[in-house]
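Everything below concerns the one structure shown next.
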Amino acid sequence: MIFTIMLKNDHYKSLFEFFSTNQKKAFKLLAKYSKELFSEKILREENISRPSMQSSLTQLFAKEYIDKEDGVYFIPDRAFELWARKNL
């Protein structure tokens, strides 16, 4: 897995750079917390509003960078998730 992340580092970096500012914030918070993304404490950490967080997650979901199951968002590409946790 570590080797995969190293090989795809530039790819993941490029993908992330194409995200909007709020999508970057949402993705970063998702990688870090995965649950309770809409709590005031977590939203305040990246200075993002609840509507902006919801909109960004919806956009990332539509582009298939994230997924949702039983009301919980997650990053389906495990290597991308680990890259985000390490680099963001």
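Please treat every number below as a calculation from the coordinates, not as lab data. All of these numbers come straight from a predicted model, not from anything done at the bench. We place every Cβ from the backbone using ideal geometry, glycine too, and count neighbours over all the protein chains shown.
Of everything in segment 9-30, what is part of a helix (DSSP H, G or I), surrounded by fewer than 16 Cβ atoms within 10 Å (Cβ to Cβ) and either without any contact (Cβ under 8 Å) to a residue 60 or more places away in the chain or of a type in the set (Lys, Arg) (or both)? Give them in sequence order.
Correct list: Asp10, His11, Lys13, Ser14, Glu17, Phe18, Thr21.
Tell me, which residue of segment 62-76 that is within 17 Å of Phe18 (Cα to Cα) and over 10 Å from the mean Cα position of the chain (by Cα) is surrounded by the most Cβ atoms within 10 Å (Cβ to Cβ)?
That would be Lys63.
I need the full set of residues from segment 31-45 which are surrounded by fewer than 18 Cβ atoms within 10 Å (Cβ to Cβ) and of a type outside the set (Val, Ile, Thr), in order please.
The answer is Lys32, Tyr33, Ser34, Lys35, Glu36, Phe38, Ser39, Glu40, Lys41, Arg44, Glu45.
Consider segment 52-87. How many of its residues are under 15 Å from Lys8 (Cβ atoms) and not hydroxyl-bearing (Ser, Thr, Tyr)?
Selection size over segment 52-87: 13.
If I filter segment 64-80 down to residues being in a helix (DSSP H, G or I) and in contact with a helix residue (DSSP H, G or I) (Cβ under 6 Å, 6 or more places away or on another chain), which single residue comes out as farthest from Lys24 (Cα to Cα)?
Per the stated criteria, the residue is Ala79.
I'd like to verify a number: residues in segment 44-63 that are in a helix (DSSP H, G or I), hydrophobic (A, V, I, L, M, F, W, C) and touching a residue at least 12 places away in the same chain (Cβ under 8 Å), how many?
Adding up the residues that qualify gives 4.
Identify the residue in segment 31-43 that is basic (Lys, Arg) and not in a loop (DSSP other than H, G, I, E, B) and, among all such residues, is farthest from the chain's Cα centre (by Cα).
Among those that are basic (Lys, Arg) and not in a loop (DSSP other than H, G, I, E, B), it is Lys41.
Which of (1) buried (at least 17 other Cβ atoms within 10 Å of the Cβ); (2) among the acidic types (Asp, Glu); (3) free of Cβ contacts under 8 Å to residues at least 12 places away in the same chain is the odd one out, the single condition Glu81 does not satisfy?
With (1) buried (at least 17 other Cβ atoms within 10 Å of the Cβ); (2) among the acidic types (Asp, Glu); (3) free of Cβ contacts under 8 Å to residues at least 12 places away in the same chain applied to Glu81, the lone miss is (3).
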